[in-house]
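Working notes for the structure below.
The values are calculated or read from the model by the stated rules, or taken from the named source; none is laboratory data. Values in this document were obtained by computation on a predicted structure and should not be read as measured data. Note that we place each Cβ from the backbone using ideal geometry, even for glycine, and neighbour counts take in every protein chain shown.
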Amino acid sequence: MSIEALCKTYPDVPVNILIKTEALRLGVGFSQAARDVTRTLDTQFKGYFIFSQDQGIPTKHEEKIPDTIFLKNDDTPWQTRVNQNSPYYIDFKDGKFMFYDETAPVAEVYFEPAPGWLHYVFEDGMPMQAVIRQVGKDATNAHIDYFCEFWLTNEQCLFCDIGAHLRSKKQESNPAPRRHSPERIARAHAMALKEPGYRHFNVSSGSILRERDGKSETEWFCDYFYAIKEALHGIKWPSKFQIVAKPKNEIKMLYDTGLTSLGMNMEVWDERLFNTIGPGKARTIGWKEWIKRLFEAVDIFGKGGILSNFVNGVEMSQPWGFKDPREAVKSNLSGFDYLMSHGVLPRTSVWTVEPNSRLGGQRPAPLEYYIELERGYLELREKYGFPFPLQTYCHGCTVINCSEDWDYYLGKDLPNPRLSRK
């Protein structure tokens, strides 16, 4: 369906939300003309993210496909998800990059120039992009470990391609290592965040199931945040770390490093589907215990300081999931309501059907599902008084969903200062 036809189907939805949702849901192709020009750009390229986020053969860094696409008319960003079979594609004509639907140009797009620090190469030849990256315009994201040990027990989340993506990256000319040291992660943050304009930073890692260097997973991660804190002379930016749900004493350990928020990601709300789609998380922690730990963590980090991401759409994967998108939306919103009522902020994301995950070959969830889900999500955030914009996300850096774009178009996403934790 063309974007014009979608606008008629959803007349009250801003066209940029329709474009972005479709581009995330189905991916975009690049014409040869566009590929020829992107190779000449000074921008951040794909290939160093912890997942491929592509719906075909994972993009290699040396292909020089831009990491993020921006709509020219209002700077709306989204994560580039390459799919050469998508009905949507980027072409370069008359000196402009244009987003096309099946036959017609829809909107002009551009690619943000790379910040100066992104060009740095460490003494051993490791490029900065393999350590820390820019997200949208005003956030950074660093990866401590590019692997999740649930892959060792064959219990990885079914939508996840982190292990397969790591294997593919090892074939590149300058691959990212499996993990970085606390010193390198801290140094990268000190270099990146000295530049003006950043509002928040994020750190992520795959799960660690065994002791490492004689330390538990939480102890090991704490070393990184103490190193970042020292390098930054205190954590002055809203910050988020993504980790599995931890007991209260370990949450306190992470809080004491200076972090302002944690993302303890359930990924799927429905208990039966949680057990099926996240087998490792289900076995080691479990659905009820996960929720209990989320609520306990709010006691330490406060309302909105504990988040939980959901890979929205996977609950419609077959043969286990919902067949009716309305039932899938209802399930998610009931969970969002419950979590928000206890001070936990759920996060939406648009599922990428990555072919090297166990759900490769599944059909993406339909557009109507995402439109109704994010409408309901916005209403619940208003109901429970979660602020606009959030400390950890805003219109300028939210690249995997449209939740902050709804805020933006309703006039609620106003500039916020760089807040340190009280």
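Please work out which residue is farthest from Met98 (Cα to Cα), limiting yourself to region 1-59 and to residues that are among the hydroxyl-bearing types (Ser, Thr, Tyr) and assigned to a helix (DSSP H, G or I). So that I can check it myself, show each step before the final result.
Going through region 1-59, the residues among the hydroxyl-bearing types (Ser, Thr, Tyr) turn out to be 2, 9-10, 21, 31, 38, 40, 43, 48, 52, 59.
If we keep only those that are assigned to a helix (DSSP H, G or I) too, we end up with 9, 21, 38.
Working: Thr9: 23, Thr21: 17, Thr38: 13 Å.
Here the answer is Thr9.
Might you check whether a residue that is part of a loop (DSSP other than H, G, I, E, B) and crowded, with 20+ Cβ neighbours inside 10 Å occurs anywhere in region 179-189? If you could, list the steps in order and put the result at the bottom.
Within region 179-189, the first condition is being part of a loop (DSSP other than H, G, I, E, B), and the residues that meet it are 180-181.
Checking which are crowded, with 20+ Cβ neighbours inside 10 Å leaves us with 180.
Yes, that holds for at least one residue.
Can you tell me which residues in region 319-357 are more than 23 Å from Ala245 (Cβ to Cβ) and either outside the structural domain of Leu390 (by TED's automatic domain parsing) or part of a loop (DSSP other than H, G, I, E, B) (or both)?
Passing the criteria: Pro319, Phe322, Lys323, Asp324, Thr352, Val353, Glu354, Pro355, Asn356.
Filter region 190-226 for residues that are assigned to a helix (DSSP H, G or I) and hydrophobic (A, V, I, L, M, F, W, C) and give the result.
Kept after step one, since they are assigned to a helix (DSSP H, G or I), are these residues of region 190-226: 190-192, 217-226.
Within region 190-226, Ala190, Met191, Ala192, Trp220, Phe221, Cys222, Phe225 qualify.
What residue, among those in region 83-133 that are more than 25 Å from the chain's Cα centre (by Cα) and of a type in the set (Phe, Trp, Tyr), is modelled with the highest pLDDT?
Phe92
Do we have Leu259 as assigned by TED's automatic domain parsing to the domain that holds Ile291, of a type in the set (A, V, I, L, M), in contact with a Phe, Trp or Tyr (Cβ under 9 Å, 6 or more places away or on another chain) and not in a loop (DSSP other than H, G, I, E, B) here? Walk me through how you get there before you give the answer.
Values: assigned by TED's automatic domain parsing to the domain that holds Ile291: yes; of a type in the set (A, V, I, L, M): yes; in contact with a Phe, Trp or Tyr (Cβ under 9 Å, 6 or more places away or on another chain): yes; not in a loop (DSSP other than H, G, I, E, B): no.
For Leu259, the condition - assigned by TED's automatic domain parsing to the domain that holds Ile291, of a type in the set (A, V, I, L, M), in contact with a Phe, Trp or Tyr (Cβ under 9 Å, 6 or more places away or on another chain) and not in a loop (DSSP other than H, G, I, E, B) - is not met.
Residue-by-condition table, conditions (1) buried (at least 22 other Cβ atoms within 10 Å of the Cβ); (2) of a type in the set (Phe, Trp, Tyr); (3) on the phi < 0 side of the Ramachandran plot:
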position: Pro87; (1), (2), (3): no, no, yes
position: Met98; (1), (2), (3): no, no, yes
position: Asp101; (1), (2), (3): no, no, yes
position: Ala104; (1), (2), (3): no, no, yes
position: Phe111; (1), (2), (3): no, yes, yes
position: Thr140; (1), (2), (3): yes, no, yes
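Taking the residues in region 52-80 that are in contact with a helix residue (DSSP H, G or I) (Cβ under 6 Å, 6 or more places away or on another chain) and closer than 16 Å to Ile400 by Cα as candidates, determine which candidate is surrounded by the fewest Cβ atoms within 10 Å (Cβ to Cβ).
Here the answer is Leu71.
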